[in-house]
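A short write-up of the structure that comes next.
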Amino acid sequence: MQVPTKVIDLSMPLDNDTIVDPEIMRPKIEYIDQKANAEAMAGFFPGMRPVDLPDGEGWAWEVVTLTTHNGTHIDAPWHYHSHDKDGNRMKTIDELPLDWFYRPAVKFDFRHFPDGYIVQPDDVEAELKRINYELQPLDIVLVNTKASENYGTEKYLSSGIGMGREATLYLTQEHGVRVTGIDAWGWDAPFSLQQETYAKDKDAMAVWQGHWAGIEQPYCHMEKLLHLETLPDHGFMVSCMPYKIKGASGGWIRCVAMLFDD
């Protein structure tokens, strides 16, 4: 059995301090240490006292309050809409085939595009030509933007590009891609950078166009990835199995890239 010679963590940690979400959805982690839990642990065993435990310590645990879209996660089609273009109910994260989430992967380097840029099919074709790669059905496509350079700062939420509707359908409808990912807060351009465009055009469908492309062809995408700049253009595997949450619109992942010697 071939084993990877290098594993690269593409996930960001969950913590109370790093700003990667708007205020309304930031996670909260309460840390309960061994001393604080000694009495609770001893209480499972009649007659046991906290002092009877090693150094008077029980178990440590954490109480976490978060959404299914905190941290590095993957969106299920249910996140985009309740049904597809044919009226079929969208699948939730627990209903998706696991073989989507362990596949050969390719990386697009779009760091040269300015924040707020909307990627078009021609951009994708140009990148595929540059890296000399032909997309295969079920390939995982990762999009490297400038957003992750601002991870841990206030700029992160307003950094990055958007994968446009047509570019997304180019991947999903035309080439059979079912899982994509990006190192920005979202697959679409930051809302803060689209406000001026919406104020002018009043086109609600343009605001979340990459997501809503999933109504025509259901697919999943990962958001808030890190370290994409360390990856080769292709020739690696990605594992991004989602946490199995019944009926959920997304799930947390520990996304990793696996590199193999030739």
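The values are calculated or read from the model by the stated rules, or taken from the named source; none is laboratory data. None of these values were measured; they are calculated from a predicted model. Every residue, glycine among them, receives a Cβ derived from its backbone with ideal geometry; neighbour counts consider all protein chains shown.
For the reader, a short list of remarks on this structure follows.
- When T197 is tested against the conditions (1) modelled with pLDDT of 95 or more; (2) surrounded by fewer than 17 Cβ atoms within 10 Å (Cβ to Cβ), the lone failure is (1).
- Hits in region 73-127 (condition: without any contact (Cβ under 8 Å) to a residue 60 or more places away in the chain, in contact with a helix residue (DSSP H, G or I) (Cβ under 6 Å, 6 or more places away or on another chain) and not in a helix (DSSP H, G or I)): F108, V119, Q120
- Within region 230-255, considering residues that are basic (K, R) and more than 11 Å from the chain's Cα centre (by Cα), the one farthest from R111 (Cα to Cα): K246
- Among the conditions (1) surrounded by fewer than 18 Cβ atoms within 10 Å (Cβ to Cβ); (2) in contact with a strand residue (DSSP E or B) (Cβ under 7 Å, 6 or more places away or on another chain); (3) of a type in the set (D, E, K, R), the only one that E223 does not satisfy is (1).
- Exclusive hit being loosely packed, with under 11 Cβ neighbours inside 10 Å, in the same structural domain as L135 (by TED's automatic domain parsing) and closer than 24 Å to W208 by Cβ, set D94, D86: D86
- Within region 228-249, being on the phi > 0 side of the Ramachandran plot and touching a strand residue (DSSP E or B) at 6+ places or on another chain (Cβ under 8 Å) holds for one residue alone: G235.
- Among the residues making up region 126-152, those that are over 18 Å from L228 (Cα atoms) and not hydrophobic (A, V, I, L, M, F, W, C) are K129, N132, E134, Q136, P137.
- Residues being within 30 Å of K155 (Cα to Cα) and in a loop (DSSP other than H, G, I, E, B) - total across region 1-18: 9
- Number of positions in region 40-57 that are surrounded by 11 or more Cβ atoms within 10 Å (Cβ to Cβ) and either hydroxyl-bearing (S, T, Y) or part of a loop (DSSP other than H, G, I, E, B) (or both): 5
- Residue count for region 19-39 under the criterion of being touching a helix residue (DSSP H, G or I) at 6+ places or on another chain (Cβ under 9 Å) and in a helix (DSSP H, G or I): the result is 2.
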